[in-house]
Structures are given as structure tokens and as C-alpha cells.
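The values are calculated or read from the model by the stated rules, or taken from the named source; none is laboratory data. Because the structure is predicted, anything quoted here is derived from the model rather than measured. Backbone-built Cβ (ideal geometry, glycine too); neighbour counts: all protein chains shown. Areas reflect the complete protein model, heavy atoms only, side chains present, ligands, DNA and RNA absent. Shrake-Rupley method; radii C 1.70, N 1.55, O 1.52, S 1.80 Å.
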Amino acid sequence: MAPRTTDVPGLDAAVAAVRGRRDEWARVPVPHRIAILRRCLDGYLRTADDVVVEGCRAKGIDPASAMAGEEWLSGPIPVIRQIRLLIESLTDIQRTGYPRLAGGAVHRVPTGELAVRVFPRGPMDRVMYPGTRLDVWMQPDVDDTTLRATMAPMYRGERPAGTVALVLGAGNVAAIAPTDVLYKLFVEHAVVVLKMHPVNAYLGPLLERAFEALVTPGYLRIVYGDVAEGQYLIHHAGVDTVHMTGSTAVHDRIVWGDTPGEQARRRAAGTPTLTKPVTSELGCVTPTVVVPGRWSDGELQYQAEHVATMVAHGASCTCIAAKVLVTWRGWPQRQAFLDRVAAVLSRQAPRAAYYPGAADRYAAFMRAHPQARRLREAPGGTLACATIYDVDPS
């Protein structure tokens, strides 16, 4: 199937459509925004099954298998949760002017900053994520008397002028593009042009259907294409800000120039090629740190399964898949733990190398590390997990 692409007149039309609504959207009152979000929630619930089925088909997963749970967890579940939480926050703002600190405690961290507990928010979070807590640390100048003033300030006083945000969608995790869009719209008050990534452009029509309440009035447009279309939109006079999910290499080409030499010169001089505000969520070699202790057999197995599934999720082609396991060489149970991780990974069926370049990068790693151990054979077009132990940290 030929890749879906929006031509230049179509890109111009998308920017013009949202730009013409930017000030209107910035003034949309909270009750109306809540109503739009409720329609988006209903729309996404109606398309959730299709999102999962299409994601499974693209990644070589049987939609009727347990593996389809991956697509639910990285697609509909976080999108639906974000919409629900936005509705809750806006309802609180409508009632009191401020979102509610549902997580609870406000406390000081050892370095003196104020921290706010934002997770867990309620009983379901405590059941699903036992022992997990999340704090947001405030800037040093925020104290108990000024904390509330930092919460949702764009919903108090005079609304800012509307802006046009370009979102360059992620190609792997189905939830990232829609949640980025929702953040830009409902937190930053920006109208949005979303360019789908070529790898998962099949999600675009589903998102248009799900978010019809934003598309029909012109607050959101979805377009398609690859590097050329992205570059055209990034430098479009009608686009005010850019958000991207991708690699550091792509980010640096966008912001600092085409070659490493140009990038170094521009960094040193502080003269980026793109002067618009840019936010980004970039891939990395995600570390998982294992704190040594005296663990029971059950604890070793439980945590080994956690690590192994962090590696295998999405065929490891996601920006948050565990890539490096950091352990203490002197931990007496270190080898037992590593053996259990390998045992779990060896039971994972080979996965389709669906993401462009994944097979080449895998082969390069295996060539670079002759001590690597492939945990099972993999037919052509698929990848099996491998372990590379005792790598020099440098």
C-alpha cells in the first residue's frame, strides 16, 4: 500500500483552517470544553477496538491473543485516562477556579523545594500500581502561599492569544500522538495540526473519527507525510510552536542544522536554525536500576518478569522500553536474577521487526558485541530477544 501523503495545498489548507480558529479556541469557556471532551471520550471509546486491531495487524500480533493487551495498554487505556482526568480537572476549575490536588500530600524535599504528591489519585491507582508514588517538585521560588497561583494559570484572568501548534506524532506508541494533541489543546490553549508518522499513519482516520468534536469546528487537523512534509510544516509561517516525539538525531537536524559540524557551530553560537519554541520527547537508552538486597525466590521472579516485559513490550521499539540493566557486581544474587530475566525473555515469541531499521540496528548490536547471546531462533523478518552482559559502562 502506498504511504498516505498530504500534498502542499492540503498542508496549507490544514494550517489555515486551524489558524482561523485559534483565537476562538482560546476563548472557549470551561463548560464548553468539558462538553467537547465528553464527546471525544465517547468517540474514542467507539474507535478503541479498531485502534487495537489496526495496531496488532501492523505489528504482527493476533488481535485475539493475550499479546493484544500490549496495544490496549499503549493505545486506548492512556488516551481514555487522560481525557477522563482532563474532564475532572476542568470540572474542578469550573467549581473553584483550581484543579484539585487529588494525590494529597504537599511536603518539602531534602533540598528545600516544595513537592506535591499527584499519584496515586484514588483507590484504583493504589490497586493497579501498589507502592508507586509520584511527586512533582516545584521551582525554588514556589512556597505554600504561592502554590495555588501556579496551578492552571491559563484558565484564570484574561485568556492568552491563540497559537497554532504543530505536533509531529510518534510512530510506535498509539497513545502518544492523541495525548500530545489533547495537552496542546486543553493545557496550552493551542489549536493543532497533527502530522501522523508514516509508520502508524493508519491511526489518522481513526483519530479524526474519535475527535470529530475538535475536527469539525476547525480546532484540529490531521495530515500525513514523511520528512519533506514535516520540514514544510515546521517552517510554515502559520505554525507558531512545534512538538515532536522521536530521536535526538531528528531533533538536532530540525533545530540545529543538517550536519554534525553545523550543529556544533550553531550550538556554540546559540543560533538554532529553527527559532520557534520547540518541545520534544526523545528516545534514549532507557536504564533500569536494580537495587541489591536479600530477595526471596518469589521476589526475584516477580521483578525478573517486570524487567523482561519492559524489554519485550512493543518489540522493544518504543522510547521507554528497558535497554540497559544496571546491577551491582558484588550482589550475591546478581547472577540468579540475570538468569531469571533471560529465562523469561527466552520464552517470548519472536516479534515482527515492524519498525523501519529495527532489524539493521539489531544486527549491528550483535556484530559489535560478540559475547551477545541470542535467546532463541527467529524466522526471517522477526527478532528474538538477546542479552549482552558485562558491558563496559563507558
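What the table shows:
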quantity	calculated
Matching residues, region 120-142, being of a type outside the set (Val, Ile, Thr) and loosely packed, with under 12 Cβ neighbours inside 10 Å	Gly122, Pro123, Met124, Met128, Pro130, Gly131, Gln139, Pro140, Asp141
Among (1) outside any strand (DSSP E or B); (2) acidic (Asp, Glu); (3) at pLDDT 90 or above, the one test that Asp144 misses	(3)
Pairs where the first residue, in region 314-329, is surrounded by 14 or more Cβ atoms within 10 Å (Cβ to Cβ) and the second is small (Gly, Ala, Ser) and in a loop (DSSP other than H, G, I, E, B), C-beta under 6 Å, 6+ apart	Cys319/Gly283
Hey, Ile36 in a helix (DSSP H, G or I), of a type in the set (A, V, I, L, M, F, W, C) and buried (at least 17 other Cβ atoms within 10 Å of the Cβ) or not	yes
Qualifying residue in region 293-301 (condition: within 30 Å of His251 (Cα to Cα) and either in a helix (DSSP H, G or I) or of a type in the set (D, E, K, R) (or both))	no
Qualifying residues in region 200-249 (those that are in a helix (DSSP H, G or I), modelled with pLDDT under 95 and of a type in the set (Val, Ile, Thr)) - the one least open to solvent (accessible area, probe 1.4 Å)	Thr248
Filter pass, Arg117 being farther than 30 Å from Val53 by Cβ and open to solvent by 40 Å² or more (accessible area, probe 1.4 Å)	yes
Hits in region 268-300 - residues which are over 29 Å from His243 (Cβ atoms), open to solvent by 80 Å² or more (accessible area, probe 1.4 Å) and without any contact (Cβ under 8 Å) to a residue 12 or more places away in the chain	Val291, Asp297, Glu299
